[in-house]
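Novice: Quick one: this structure, given as structure tokens, is what I'll be asking you about.
The values are calculated or read from the model by the stated rules, or taken from the named source; none is laboratory data. Quick caveat: nothing in here was measured; it's all calculated off a predicted structure. Please note: Cβ atoms are built from the backbone with ideal geometry, for glycine as well, and neighbour counts cover all protein chains shown. Just so you know, the surface numbers come from the protein's heavy atoms only, side chains and all, with ligands and any DNA or RNA stripped out. Shrake-Rupley method; radii C 1.70, N 1.55, O 1.52, S 1.80 Å.
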Amino acid sequence: MAKGSDLLVQALENEGVERIFGIPGEENLDVVESLRTSSIELVLTRHEQAAAFMAATYGRLTGRPGVCLSTLGPGALNFSTGAAYAHLGAMPMIIITGQKGILSARQARFQIVDVIGSMRPITKLARQIVSASSIPTLVRDAFRVAMEERPGPVLLELPEDIAAEEAESYTVPGHPIDIPVAHPKAIERAAAMILAAERPLVMLGAAASRPRSTSDLGGFVQRTGIPFFTTQMGKGTVAHGTQLYMGTAALSERDYVHEAIDAADLIIAIGHDTVEKPPFFMGQPNQKVLHVSYSPATVEEVYHPDAEVVGDLGPTLKLLADRLEGRLPHAGALLPLREHILARIADRADEDRFPVTPQRLVRDVRRVIPEDGIVCLDNGMYKIWFARNYRTTVANTLLLDNALATMGAGLPSAISAALLHPERRVLAVCGDGGFLMNSQELETAVRLKLNLVVLIIDDSAYGMIRWKQAVDTFPDYGMTFTNPDFVQYARSYGAEGHRVNAVEDLVPTLDKAFQAGGVHLVVVPIDYSENIRVLVDELRAKVKDPVPDQVP
């Protein structure tokens, strides 16, 4: 016989869980005691929202669910943003929350809210555990549901009296579940469409960056010779050092990469998920879209494919490439546009004015981060520039959120990445607004003795909304604030703080911080006038005076 909390922890160990992120409460004390003697590390965070971001990032990087723990009511509700982040971003995660006893009600309704009801819309499954004997099977099912396509969060609520209840001890072994390969007719139909195309173009989306997906995508692109672009969350899924990379769709239209997108007569959308802000709008004359992914397409006003290939991406793409290799005389028809597109994206990356421009910032970060280094973005104006300009060669080395697109996730995500990959350089890039939403997790990073650098982009404003305000020709209002002394703020937590005072100091400051080890915070002011000059004025002018047609 074992307590319910012991059964829970045994079941988590059975699933290979190594750490749990969170903040326990009174209703979790039995679980804490069971964790004390287990192999699982309890990573105490300073806010439940940050714990959920850490667990979600663990799932994103490994394909296995990250686990987070909170108490009832206020603690559980603080998981809401993290649950939505994982739900929209397709990150497997297990959320465990406490609850008052359900066999008696000695505290009446104190702190009790309907957590199950509130979480149902933003999880794949939300269940209350009502008997200790059911815990092993419920945990096994939770992991299965969290991992199966489309991945996402699962909530288990454990009342304190069920955690203390005794039941027979057992575990439920897991087993591999293989995803079916696409139907042969769908593969043949897709092959016929690609063979008939005169200007084909591959798009790699969010689902293409699943850890299970990335190994076979490069083979498809290389074997067919079709150029490709990526969505924001699809970056790195094929080595961008190839001569087939056309860019990343950081905007929905009018950017330079859209010259290739608009000219394509067939877009092969691999792993596209419409939770991402649209990388392009359908409706170009004589343009077809082929959807290839784990799941059927979600039909939207801006995305309604002409054909679909649904199945396990890797094996399916291999079968498709078998039918195409050496048979595509028009595969590279759009490649003449590549040099112009990439040159315009890289324009002014060497500019040495200060405060630093976004283009120079991205270039300098790329210089200090090795190919396998991980950059975790918070959400702000800089996200567009990193998506557009930052070249990646390894999947999941630029972690950005183009689904929920919430602020506050950058630092917690970087902490999770640093725990998983202590041998790699990990950089959190945060705006001054997003950083302060979870800046307390600096203490967590210092306590865990992580090697982590946090780059704060300082413009004393909510920069992205300020930019959109300007785009809509509204007067500047309500978006500016004052900041603390970030250098002293970092030191108060036991981290090192640095301020960049000249453009040429950014690279050496970051490099020295990584070499020194420990937690470092680097503040750099930014000149966001480029937002209007490039992303508004220049791209609007491009529409009025388009580049001459370079496609045969």
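Novice: Counting DSSP beta bridges in the range 227-342, what percent are antiparallel, to the nearest 5?
Specialist: So the antiparallel bridges amount to about 10 percent of the total.
Novice: For the range 153-239, restrict the atom set to alpha-carbon positions and state the Rg and Dmax in Å.
Specialist: 21.6, 67
Novice: Looking only at the chain, where both bridge partners belong to it, what percent of the DSSP beta bridges are antiparallel (to the nearest 5)?
Specialist: 5 percent
Novice: Here is the link list: Lys449/Lys512; Lys277/Lys512; Lys124/Lys449; Lys277/Lys542; Lys100/Lys124. Which ones come out longer than 28 Å on Cα distance?
Specialist: The pairs that break the limit, which is 28 Å between Cα atoms, are Lys277/Lys512; Lys124/Lys449.
Novice: Could you compute the FRET efficiency for Asp511 and Asp476, with r as their C-beta to C-beta distance and R0 at 35 Å, rounded to 0.05?
Specialist: Working: r = 36 Å, r/R0 = 1.02.
For Asp511 and Asp476, the calculated efficiency is 0.45.
Novice: Let me ask something else about it. Once the piece of chain linking Ala541 and Val113 is laid out straight, how much longer is it, given 0.36 nm per residue of separation minus the C-alpha distance between them? Could you put the intermediate results ahead of the total?
Specialist: Details: separation 428, 0.36 × 428 = 154.08 nm, distance 5.36 nm.
Residue separation times 0.36 nm, minus the Cα-Cα distance, leaves 148.7 nm.
Novice: In Å, what Rg and Dmax follow from the Cα atoms of the range 82-183?
Specialist: Expressed in Å, the Cα Rg and Dmax of the range 82-183 come to 15.6, 57.
Novice: Cβ neighbours within 10 Å, averaged per peptide: list 382-393, 54-65 in order, most packed at the top. Each step should come with its number before you reach the end.
Specialist: Values: 382-393: 22.5, 54-65: 25.9.
So the peptides 382-393, 54-65, ranked by packing, come out 54-65, 382-393.
Novice: Now for a different question. Please identify which residues in the range 1-21 have an amide N closer than 18 Å to a label point set 7 Å out from the Cα of Thr37, following the Cα→Cβ vector.
Specialist: So the set is 1-14.
Novice: For the range 195-322, what % of the accessible area comes from carbon and sulfur atoms, probe 1.4 Å?
Specialist: 48 percent
Novice: Here's another thing I want to ask about it. Between Thr171 and Glu325, what is the label-to-label distance in nm when each label sits 7 Å out along the Cα-to-Cβ direction?
Specialist: Inter-label distance under the simple model: 4.1 nm.
Novice: To continue, here is another question. If you restrict to DSSP beta bridges whose two residues both lie in the range 406-552, what percentage is antiparallel, to the nearest 5?
Specialist: 5 percent
Novice: Based solely on its DSSP helices, what 222 nm [θ] is calculated for the chain when runs of n ≥ 4 H residues each add -39,500 (n - 2.57) and the sum is averaged over all residues, nearest 500 deg cm²/dmol?
Specialist: -10000 deg cm²/dmol
Novice: Within the chain, which whole H helices from DSSP have a Cα span along their axis of at least 20 Å and a mean Kyte-Doolittle hydropathy of -0.5 or more, if any?
Specialist: Within the chain the helices that satisfy the rule are 48-62.
Novice: For the chain, report the accessible area per residue in Å² (1.4 Å probe, heavy atoms, rounded to an integer).
Specialist: 39 Å²
Novice: Okay, moving on. What residues qualify as long-range amide H neighbours of Val43, i.e. H under 5 Å apart, gap of 5 or more or another chain, H built at 1.01 Å from N?
Specialist: Those lying under 5 Å, H to H, from Val43 are Ile20, Phe21, Gly22.
Novice: Could I ask something else about it? Roll a 1.4 angstrom probe over the protein heavy atoms and tell me the percent of accessible area of the range 1-93 that is carbon or sulfur.
Specialist: Percent of accessible area from carbon and sulfur atoms in the range 1-93: 48.
Novice: Report the Cα-based extents of the range 343-498 along its three principal axes, largest first, to the nearest Å.
Specialist: If we take the Cα atoms of the range 343-498, the spans are 46, 36, 33 Å.
Novice: Ratio of alpha-carbon Rg to the 2.2 N^0.38 Å globular estimate for the range 420-467, to two decimals, please.
Specialist: 1.33
Novice: Suppose a student asked you for the relative contact order of the chain, using Cα pairs under 8 Å spaced at least 6 residues apart; what percent would you report?
Specialist: 13 percent
Novice: Turning to a different aspect of this structure: What FRET efficiency comes out for the pair Lys318/Ser295, r = Cβ-Cβ distance, R0 = 22 Å, nearest 0.05?
Specialist: Calculated value: 0.70.
Novice: How big is the chain by Rg and Dmax over its Cα atoms, in Å?
Specialist: Expressed in Å, the Cα Rg and Dmax of the chain come to 24.4, 78.
Novice: So if I place +1 on the C-beta of Lys and Arg and -1 on the C-beta of Asp and Glu, and nothing else carries charge, what would the dipole magnitude of the range 135-218 be about its Cα centre? I want it in debye, nearest 20.
Specialist: My answer is approximately 860 debye.
Novice: Same structure, new question: In debye, nearest 20, what is the charge dipole magnitude of the range 429-504 about its Cα centre with +1 on Lys and Arg Cβ and -1 on Asp and Glu Cβ, if you could check?
Specialist: 220 debye
Novice: When the chain is fully extended, how far beyond the present Cα-Cα distance does Leu448 get from His183, taking 0.36 nm per residue of separation?
Specialist: 90.6 nm
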